[in-house]
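> First the structure, which I've put down as structure tokens, then a few questions once you've had a look.
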Amino acid sequence: MPDIFPTRIDLPSATRAAIIGILNERLADAVDLATQLKQAHWNVKGPNFIALHELFDSVYATVASHADEIAERIAALGGTAEGTAAAAVERSILPSYPADASRGTEHIEAVSTALSVFGKAVRTSIDKAAELGDAGTEDLFVEVSREIDKSLWLVEAHVQSD
């Protein structure tokens, strides 16, 4: 990990280093998730094309915004945000996106899986931030969790029925 820059934020440097590590893990996942959402957006086919095309783009915007917030928290704590595609490839815990997906249901399944894996990791990160005494990062992750859960609901609703 690169050096931590000095800051007057009153968290001990060891705590900041641990939090920066957690944040960079979730940043890698968020960057990966954003690219997966664009993959779905660009390649979805079928009778629900326009609804899914627009939904995947909307969820992408939400995830990209969260990636930015996570990266800015890293910088605020004196860290270096490692948000490159290469870092995402190396660190992301998300399953690989199926390159051959085309039908709406295939993209819904892949996106739902990625959102749920990311959401679970974010909830684990909430607990870790709390244990480390960083309420600011905990709060950030709570907001990300809430929005990812909502996004998952919007995607999964396309295949749920009575």
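> Report every pair of residues separated by at least 6 positions or lying on different chains whose Cβ atoms are under 6 Å apart, first residue within region 111-139 and closer than 26 Å to ALA157 by Cα and open to solvent by less than 10 Å² (accessible area, probe 1.4 Å), second assigned to a helix (DSSP H, G or I) and of a type in the set (Gly, Ala, Ser).
Going by the 6 Å Cβ cut-off, the qualifying pairs are VAL111/ALA40; LEU115/SER151; VAL122/SER145.
> Quick check on region 35-43. Is at least one of its residues among the aliphatic types (A, V, I, L, M), part of a helix (DSSP H, G or I) and within 30 Å of ASP10 (Cβ to Cβ)?
Taking every residue of region 35-43 in turn, none turns out to be among the aliphatic types (A, V, I, L, M), part of a helix (DSSP H, G or I) and within 30 Å of ASP10 (Cβ to Cβ).
> Return the only residue of SER96, SER145, SER102 being within 14 Å of LEU27 (Cα to Cα) and not β-branched (Val, Ile, Thr).
So the residue among SER96, SER145, SER102 that is within 14 Å of LEU27 (Cα to Cα) and not β-branched (Val, Ile, Thr) is SER145.
> Residue under question is SER151, and the condition is that it be at pLDDT 95 or above, surrounded by fewer than 16 Cβ atoms within 10 Å (Cβ to Cβ) and over 25 Å from ALA18 (Cα atoms); does it hold?
no
> Can you name every residue in region 39-52 that is at pLDDT 95 or above and in contact with a helix residue (DSSP H, G or I) (Cβ under 6 Å, 6 or more places away or on another chain)?
Residues satisfying the conditions are ALA40, HIS41, VAL44, LEU52.
> Suppose the filter is over 19 Å from ILE20 (Cα atoms), β-branched (Val, Ile, Thr) and surrounded by fewer than 13 Cβ atoms within 10 Å (Cβ to Cβ); does VAL159 pass it?
yes
> Another question, if that's okay. Open to solvent by 40 Å² or more (accessible area, probe 1.4 Å) and closer than 20 Å to ALA129 by Cβ: which single residue out of ASP68, ASP100, ASP57 fits that description?
After applying the criteria, what remains is ASP68.
> Restricting the search to region 1-50, which residues are crowded, with 17+ Cβ neighbours inside 10 Å and acidic (Asp, Glu)?
GLU25, ASP29, ASP32
The values are calculated or read from the model by the stated rules, or taken from the named source; none is laboratory data. Everything numeric here is computed off the predicted structure, so don't read it as measured data. All Cβ positions, even for glycine, are placed from backbone atoms using ideal geometry, and neighbour counts span all protein chains on display. To get the accessible areas, we keep the full protein, side chains included, count just its heavy atoms, and leave off ligands, DNA and RNA. Shrake-Rupley method; radii C 1.70, N 1.55, O 1.52, S 1.80 Å.
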